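Novice: Sharing a structure below in structure tokens format, with a few things to ask.
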Amino acid sequence: MDSGYGYGSSYGGGGGGFMPGETSSPSGRRSDGNNTTLRPITIKQALDATQQHPEADFHIDGADVGNIYFVGQVRNISTQSTNVTYRIDDGTGEIEVKQWIDSATADTMDTNDPKKSQVVNNGYAKVFGKIKMFGNKRFVGSHCVRPVSNLNEVHCHFLEATAVHLFFTKGPVGGAGSAGGAGAGAGAGGADATMGGVDDYSARGLPAMSPVAKRVYHLLKTEPQSNEGLHAQLIAAKLSLPMPDVARAGDELLTSGVIFSTVDEQTWAILEY
Amino acid sequence: MSLQTPRVLPAHLHAFHPSNASAHVTNTVRILGTVTALRGDTATITCGNNGDVTLILKPDSHLQMGRLVEVVGKVADVDQGLGIRVLGTTDWGNPADCDYKIYENVVNATHRFKSVFYDA
């Protein structure tokens, strides 16, 4: 029901029906199922992740997080009848991971297979799951915890997490504001090649803006469009962002005077100057 | 978070020395190296091309020569400068299986984009 709702109302019901649903529905359109992204993070990021209201998706670097994965050292394993709880430490923080034991598969080879239960105390493990809250405690509900036996995988993970962080805070490689950090990691040569059309933001001295606003601006800049610009809902659909976020980004861009509204308040075009 | 162990190279040890405690809440660090000397209660690890570090071992530390180890420990004074008092070690086997360059880049990234990894 969740996934059907967002799409149905955005296209069929018009803007009016969409917005209230977005903000008042307690479980939100975005919970389970809709956000199927998988993001590499550090445990510190999981602990720092913010939540608009209980049950909402967590945000890291201003972006919704669906599924996450991280690599860390197992500090404690406690096996209960319904779940296995691990304490994982990756040097940036410590978090509890709960893996529910699926009674349907518990009897079969999966959990009893000695080769599979190689996650050991003080060994490294890779955890896939979702950030959850229970009372005031944050934990990760995991569907897969597997041992890591190659140190390069650990290091690679941290570099991946950094790259994704930079993507969300500074925009795509070669996109807005990549001159500062991203280029250093990705190799300046590669970044330059794709930069051509896009990087004139920073050259023209765009004001500082949120990552979402940057993405909206980038879309308006690159998407083929008439001189009426693009409607906010189209932008939301193209960027798979919730409407309120797009509206906020639009306000930000309108206020700073880099876009203007055309046929109505929700249709924006780049203000060329 | 209280339990942070920044990944470092030998050159960074001084920044985590207890005498510098004002700058860092922690003086517990994580370092990677190959065991190149064992002398009873101390040992030496070689960190790629970044020099050696002396470790002050715990009675229950079991290091083996020529193995790659990840060490978690506190920065401490040893005879000729700075070393690490070991809290825990993880054996990563043959040093040839790990590209030390990647580790150097990780250390670089963790310090450059600190907010992802460590509190100020």
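Each value in this text was obtained by applying a stated rule to the coordinates, not by laboratory testing. Everything quoted here is computed from the prediction, not taken from an experiment. Using ideal geometry, Cβ is built from the backbone for each residue, glycine included, and neighbour counts are taken over all protein chains shown.
Novice: Across the residues of B:100-109, average count of Cβ atoms on other protein chains within 10 Å?
Specialist: Details: counts 2, 1, 8, 5, 1, 6, 7, 2, 4, 11.
Average per residue, whole number: 5.
Novice: I would also like to ask the following. For chain B, what is the charge dipole size about the Cα centre, in debye to the nearest 20, if Lys and Arg each add +1 at the Cβ and Asp and Glu each add -1 at the Cβ? The partial results should precede the final answer.
Specialist: On the way: 10 positive and 11 negative charges, 47 e Å.
That gives a dipole near 220 debye.
Novice: Additional query: Starting from the amide H of B:Arg7, placed 1.01 Å from N in the peptide plane, find each other amide H under 5 Å away whose residue is 5 or more places distant or on another chain.
Specialist: B:Arg30
Novice: Could you go through the range B:106-111 in sequence order and give the Karplus-derived ³J(HN,Hα) for each residue, using 6.51 cos²θ - 1.76 cosθ + 1.60 with θ = phi - 60°, rounded to whole Hz, and x for Gly and Pro?
Specialist: With coefficients 6.51, -1.76 and 1.60, one gets 5, 4, 4, 5, 5, 7 Hz.
Novice: Ok, one more. Averaged over A:153-161, how many beta carbons belonging to a partner chain fall within 10 Å of each residue's beta carbon? Present the calculation step by step, with values, prior to reporting the outcome.
Specialist: Working: counts 1, 7, 13, 4, 1, 10, 6, 0, 4.
Mean inter-chain Cβ contacts per residue within 10 Å come to 5.
Novice: Find out how many positive minus negative residues lie around B:Leu13, taking Lys and Arg as positive, Asp and Glu as negative, among other residues whose Cβ is under 13 Å from that of B:Leu13.
Specialist: Here the charged neighbours net out to +2.
Novice: Okay, moving on. Starting from the Cα gyration tensor of the range A:211-270, take the square roots of the eigenvalues, sort them a ≥ b ≥ c, and report rounded, prolate or oblate (rounded when a/c is under 1.5, otherwise prolate if a/b is larger than b/c, else oblate). All intermediate terms of the calculation are to be shown ahead of the outcome.
Specialist: On the way: a/c = 1.32, a/b = 1.12, b/c = 1.18.
Taking the square roots of the gyration eigenvalues as a ≥ b ≥ c, the range A:211-270 is rounded.
Novice: Taking every DSSP beta bridge with both residues inside the range B:10-114, roughly what % is antiparallel (nearest 5)? It would help to have the intermediate numbers written out before the result.
Specialist: Numbers: 27 of 30 bridges.
Percent antiparallel among DSSP bridges in the range B:10-114 is about 90.
Novice: Next question. Suppose the Debye formula is applied to equal point scatterers at every Cα of chain B; what is log10 I(q)/I(0) at q = 0.10 Å⁻¹?
Specialist: With one equal scatterer per Cα and no solvent, log10 I(q)/I(0) is -0.28.
Novice: So what's the net charge close to B:Ala109: Lys and Arg +1, Asp and Glu -1, counting the other residues with Cβ under 13 Å from its Cβ?
Specialist: Details: positive: B:Arg7, B:Lys101, B:Arg112, B:Lys114; negative: A:Glu160, B:Glu104.
Summing Lys/Arg as +1 and Asp/Glu as -1 gives +2.
Novice: Residues with beta-carbon under 13 Å from that of A:Arg39, excluding A:Arg39: net charge, scoring Lys, Arg +1 and Asp, Glu -1? Could you put the intermediate results ahead of the total?
Specialist: Values: positive: A:Lys130; negative: A:Asp57, A:Asp61, A:Asp64, A:Glu160.
Neighbourhood net charge equals -3.
Novice: Mind ordering B:55-61, A:218-224, A:158-164 by average Cβ neighbours within 10 Å, highest first? Working shown, then result.
Specialist: Values: B:55-61: 15.7, A:218-224: 14.0, A:158-164: 20.6.
Ranked by mean Cβ neighbours within 10 Å, highest first: A:158-164, B:55-61, A:218-224.
Novice: Quick one: of A:Lys137/B:Lys58; A:Lys44/A:Lys214; A:Lys98/B:Lys114, which pairs are farther than 32 Å apart, Cα to Cα?
Specialist: Details: A:Lys137/B:Lys58 34 Å; A:Lys44/A:Lys214 25 Å; A:Lys98/B:Lys114 28 Å.
Listed pairs above 32 Å: A:Lys137/B:Lys58.
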